[in-house]
Amino acid sequence: MGMATEEECKFIELYYDLFEMEPGLESWQNPEEIEQLKEEVRKRAWAKIHDEEARAGKLKKLFTRPARVAAAVIAIIATGFMVFVMSNRRSAHEVILANNAQPQNKNDILPGGNKAILTLANGQKIILDSVSSGGLVRQEDVDVRKQSSGELVYQAACLSAKGGDLQLNYNTITIPMGGEFKVILSDGTKVWLNAGSSLHYPVAFVGNARRVSLSGEAYFEVAKQAGKSFVVEAGDAEIQVLGTHFNVNAYGDENAVRTTLAEGIVKVSKAGESRLLKPGEQASLYKQTGEIKVSDADVELAIAWTNDLFHFDNTNIELIMREVSRWYNVEVVYATRDLGKKNFSGIMSRYADVASLLQRLELTGVIHFKVEGKKITVMD
């Protein structure tokens, strides 16, 4: 075996120390079992740390975060280690475990992946996960290509020559349940789309306004262009920016359209009412009342999905299971209505199979699941 680098040693030490950081662990297992679990986790981290270097590209956004947070998240992805907490007003129940549990079913429900359907201006549909990388089509002097890394890229050429003669032709990229995809628009704006989402956008932007329509959830890194605003229409909300990074959650089955700002400034508007957001804030446009409320936000939590993570913080089980339903493309039903009152906190890789996620939730001792084909029943 080779010598470990200083970074690798810190990684192992931090991961090992997670056991010491969690109060109440003694009530879950006796000291001997805890030490055994520590040793098992340490061995798994050593065995997998070098394998994870190949995934460094998918984790690059994490390294802009504080070092302690980044290292902890890498530890979770590398070994499957996680913490789940079931909480209510009076008590908290904690479970800490390594990723050594086996799936309950041989035919387990697997996580989502890179899937999307592109609809061109003429109505032609291209299943992006079924085509090879390279040029797909040319529209209005814009080449549409699928990169070898998987994302869809619009490469504009000589648009200024036509100027105002350009027509606004629109494309739509649709992400099915169990899918995700990245698209780079003709102005250089990068968009990550989550499962069950769609984006409607011009092949080439014309004039001083860059306008797109979103259904579902997306994370935007908007390219700066002097004097040209970028507008996202999401349900009744309109989000206007010049150049910034933000997440929009506009699923039809959520009670609000939520815009979370990571960098820059955005304006969220509806019917004459508007709010300005600063980094670290979230605007919630509630569908029933039309009211816009601004609050402090956990940006890491809001964009965890872009780093291939589930991240819950005192999150209601119904919201958790809506995420599970979209990502694993499953039906979720509840045995009783009271189950919706249970809240959980935890972090786990989105690329774990669904059985692993459900098993860890069950280890809180307050909730159980029954899986039948593509149907998950939530039970006491």
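The numbers here are math on the coordinates, done by the rules we state, and not lab data. All of these numbers come straight from a predicted model, not from anything done at the bench. Heads up, the Cβs are rebuilt from the backbone with ideal geometry, glycines too, and the neighbour counts pull from every protein chain shown.
Values computed for the structure shown
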read-out: Label-zone membership for region 278-321, site Asn114, 7 angstrom Cα→C-beta point, backbone N under 14 Å; value: none
read-out: Radius, Kirkwood style, for region 233-335 when every pair of distinct Cα atoms is counted (Å); value: 14.5
read-out: Calculated FRET efficiency for the pair Ala335/Val137, C-beta based, R₀ 56 Å, to 0.05; value: 0.70
read-out: Sorted peptide list for 109-121, 181-193, criterion being average Cβ within 10 angstrom, highest first; value: 181-193, 109-121
read-out: Hypothetical label at Ser295: residues of region 316-332 whose amide nitrogen lies under 17 Å (7 Å Cα-Cβ projection); value: 316-320
read-out: Rough spin-label spacing in nm, given labels placed 7 Å along Cα→Cβ, for Lys370 and Asp313; value: 3.6
read-out: Cross-link table Lys125/Lys182; Lys267/Lys375; Lys287/Lys341; Lys293/Lys341, entries beyond 29 Å C-alpha to C-alpha; value: Lys267/Lys375
read-out: Extension gain, Ser213 back to Glu273 (0.36 nm per residue minus Cα-Cα distance, nm); value: 19.7 nm
read-out: Lys/Arg +1, Asp/Glu -1 at C-beta; region 219-357 dipole; positive extreme among Leu357, Tyr334, Ala223; value: Ala223
read-out: Only Lys, Arg (+1) and Asp, Glu (-1) charged, at Cβ; region 113-301 dipole about Cα centre in debye; value: 400
read-out: Dipole magnitude (debye, nearest 20) for region 221-260, charges at Cβ of Lys, Arg, Asp, Glu; value: 300
read-out: Listed residues Ser213, Asn247, Gly123: farthest to the positive end of the dipole of region 113-301 (Cβ charges); value: Gly123
read-out: FRET E, pair Arg322, Gln124, Förster distance 35 Å, beta-carbon r, rounded to 0.05; value: 0.65
